[in-house]
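Below is one structure, written out as structure tokens; comments come after it.
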Number of protein chains: 2
Amino acid sequence: MITLRAAAFAVVIALLLGFIGSLALRPPGAGPAVLASSGGGTTGPAVNWRLPTAFGTNLPALGDNPLYVADALARSSSGRIVLDVYEPAEIVPAFEITDAVRQRKVEAGYTWLGYDQGRISAAPLLGAVPFGMEPWEFTAWWYEGGGRALGEALYREQGVHPLLCGIIGPETAGWFRRQVATVEDLKGLKIRFAGLGGKVLQRAGASVTMLPGGEIFQALEKGAIDATEYALPVVDDKLGFDRVAPYNYYPGWHQPATAFHLVVNLALWEALPPADQALLETACTAGVTRNLARSEGLQGGVIADFTARGARMETLSDEVLLRLREITQEVLAEEAAASPDFARILASQEAFRADYAKWKSRAYLPRDF
Amino acid sequence: MITLRAAAFAVVIALLLGFIGSLALRPPGAGPAVLASSGGGTTGPAVNWRLPTAFGTNLPALGDNPLYVADALARSSSGRIVLDVYEPAEIVPAFEITDAVRQRKVEAGYTWLGYDQGRISAAPLLGAVPFGMEPWEFTAWWYEGGGRALGEALYREQGVHPLLCGIIGPETAGWFRRQVATVEDLKGLKIRFAGLGGKVLQRAGASVTMLPGGEIFQALEKGAIDATEYALPVVDDKLGFDRVAPYNYYPGWHQPATAFHLVVNLALWEALPPADQALLETACTAGVTRNLARSEGLQGGVIADFTARGARMETLSDEVLLRLREITQEVLAEEAAASPDFARILASQEAFRADYAKWKSRAYLPRDF
């Protein structure tokens, strides 16, 4: 009975997501509705770019931020600058957006740079690092600590210009069908996990696989996998994980911050008038604030709902966390040894973090105060 | 000798600040330099507003953010939208900016709403609350938790439209000439302190006074006051407090977040074309990202410098913090009992915080991990 109900739930959710997604998708070239403007209109060549995204725009915080950015641009330019947001895989596969921008199959895209890990080993450092920086710390490194210059240089070789355009707080450490009390419990576990965190779990003895968001529920429900990480509680809720894997683990050690970028074909970027470059930069920087606000603001109620429905909110033990951190340091050191780019960016982040720790450790009240 | 050297240091710093400040000030109407744009220029009526600010633009994070916002607007509009930033007291006293905007003596201003406490008792809730929300939590409340609507309604009665335009992390709990080991040590202490935190210290037995930033060093050095809070380490460093009051206390219980707003005369705001409203909103929202990045990014090195010069970085004991929190709750309850506006906004913040705590307490690694 549980299984049937869970399957029915998944089907309903999938239909709903599809429906909402189709509403969110605007026909190419039509652009969002813009209020008529008496005097604020902008002149100059129209910018009408296709913007494939890596996450469904129906997913709060994870996927809806490009809609905010596109709307801010359209309104600020009286409709002259239009980014047509496309759902994942509609015109470009979710994991191949940067490459499509590089090849100018599309003008721009909104993605998580960690998906470039196969081609660009240092890319995940710009997306999410296990036991890495918190969201505000990452933005401080990006804008004030040299991160932006390093990120732009890394992607300049690819013919791509990355703009920091969104950031969210920790993804939960995952949904498990059984409890995880010790590091031993990770051995042999079949788990869906992304990025550098996946490499860490693999080394801890888990069997790590990568599945798109839409396939996870069924895999968990059938027992093809024992556990999954995916995103924030408000997103995991929409995917129904608590129905089939009731143990939800915290803290989000593998992605304390997850950054998103608007990637633009470099030649196109350099040909833009300076005012349009400034508009794109400003809208993306505003997107960072709005994205983090949603990420921080929407989770509390969802966690209460999970608890009310019988899911178990659990915290990984210090023993497990300390061992995972040790493994993380080994993985990062190996990646750095294999790639000068990785080594350069990691060194910059570690120097910044050592400096930031002097502030973080003193300035704030304890988190439970 | 110490006294003479300290005084000489203060004079040099004051001269430097004045010089840098004068450089930062642009002649009204001239506007910042803007790159020529081939196609991105905007049309429509020029917007050329005077923008008095409450903090010197030479003060990092605390005072320089309006320069970023004005520059983003000028670049995005190819120079059509110009905010002429004026230093504190140059055309409007630092504490009276909102009132000058209300009376349309100036079109807009950049300020800390806590300075309106005398006329609008609920205003400090939009600026900084002791033991209140952290910066990212405040932005979540503002954009996602109903804060913006409450703030706009509060100021609509004043004929003023507030845009959230910047935010910084904790101000340090202050600089003291002597150690503060217990709550008793606060009794009779002469201290410069602002906002609701000042009311809390007053009730704890301190003698609280308010001085502008430029007068604090001399008052400390002469012994007219025993202690002061002012701002972030990187700002306090420029004012030289460590030379005359070597005990620097943490955490920043009285201002875990300090928000800044761009306030616009309401009639002027409503007459703006929608595209210009969108440009101002987007630039301010970007300002929030950039301001927090500077606030988080610039403090670590300064704290190391203080330590190297012999200042003492101290942490208030749990006993002192718990007592100050009790008093804070009494002060907030009294203010709420006296003002329906205060009660309404405080209730919204407290409901949001109760919800947010479910996330904050689980999602993040410990601050010392």
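General observations
- Residues located in region A:240-263, provided they are open to solvent by 20 Å² or more (accessible area, probe 1.4 Å) and not hydroxyl-bearing (Ser, Thr, Tyr): A:243, A:244, A:246
- Extreme residue, surrounded by the most Cβ atoms within 10 Å (Cβ to Cβ), among residues of region B:281-300 that are more than 7 Å from chain A (Cβ to nearest Cβ) and touching a helix residue (DSSP H, G or I) at 6+ places or on another chain (Cβ under 7 Å): B:287
- Filtered by the rule that a residue be touching a residue at least 40 places away in the same chain (Cβ under 8 Å) and acidic (Asp, Glu), region B:309-354 gives B:314, B:319, B:330, B:335, B:341.
- Index of the failed condition, residue B:237 passing every other in (1) open to solvent by 10 Å² or more (accessible area, probe 1.4 Å); (2) assigned by TED's automatic domain parsing to the domain that holds residue B:85; (3) of a type in the set (Asp, Glu): (2)
- Which listed residue is farther than 23 Å from residue A:203 by Cβ and within 14 Å of chain B (Cβ to nearest Cβ), from A:362, A:344, A:325, A:353: A:362
- Enumeration of residues in region B:301-354 that are under 30 Å from residue B:234 (Cβ atoms), open to solvent by 20 Å² or more (accessible area, probe 1.4 Å) and hydroxyl-bearing (Ser, Thr, Tyr): B:307, B:315, B:317
- Considered as a group, the residues in region B:225-249 that are among the charged types (D, E, K, R) and not in a helix (DSSP H, G or I) include one that is nearest to the other protein chains (Cβ to nearest Cβ), and that residue is B:229.
- Output for region A:93-113, where each listed residue is more than 28 Å from residue A:274 (Cβ to Cβ) and surrounded by 23 or more Cβ atoms within 10 Å (Cβ to Cβ): A:112
- The condition of being of a type outside the set (A, V, I, L, M, F, W, C) and more than 10 Å from chain B (Cβ to nearest Cβ) holds for only one of A:135, A:170, A:130, that being A:130.
- Considering residues of region A:271-280 that are touching a residue at least 12 places away in the same chain (Cβ under 8 Å) and buried (at least 24 other Cβ atoms within 10 Å of the Cβ) only, the residue farthest from the other protein chains (Cβ to nearest Cβ): A:280
- Just one of the numbered conditions (1) in a strand (DSSP E or B); (2) closer than 30 Å to residue A:84 by Cβ; (3) among the aliphatic types (A, V, I, L, M); (4) away from chain B (no Cβ under 13 Å) is not true of residue A:216: (1).
- Positions within region A:80-95 being in contact with a Phe, Trp or Tyr (Cβ under 8 Å, 6 or more places away or on another chain) and not β-branched (Val, Ile, Thr), in sequence order: A:83, A:84, A:88, A:94, A:95
- Any chance residue A:267 is more than 14 Å from every other protein chain (Cβ to nearest Cβ), of a type in the set (Gly, Ala, Ser) and either within 22 Å of residue A:312 (Cα to Cα) or surrounded by 22 or more Cβ atoms within 10 Å (Cβ to Cβ) (or both): no
- Qualifying residue in region A:104-116 (condition: among the aromatic types (Phe, Trp, Tyr), in a strand (DSSP E or B) and either in contact with a strand residue (DSSP E or B) (Cβ under 7 Å, 6 or more places away or on another chain) or at pLDDT below 95 (or both)): yes
- The combined condition, being within 14 Å of chain A (Cβ to nearest Cβ), acidic (Asp, Glu), farther than 30 Å from residue A:272 by Cα and open to solvent by 40 Å² or more (accessible area, probe 1.4 Å), is fulfilled by residue B:144.
- Given (1) crowded, with 24+ Cβ neighbours inside 10 Å; (2) more than 12 Å from chain B (Cβ to nearest Cβ), number of the condition residue A:82 does not satisfy: (1)
The values are calculated or read from the model by the stated rules, or taken from the named source; none is laboratory data. Computed from a predicted structure; not experimentally measured. Note that each Cβ is placed from the backbone with ideal geometry, even for glycine, and that neighbours are counted across all protein chains shown. Just the protein is used for accessible areas: all its heavy atoms, side chains included, with ligands, DNA and RNA removed. Shrake-Rupley method; radii C 1.70, N 1.55, O 1.52, S 1.80 Å.
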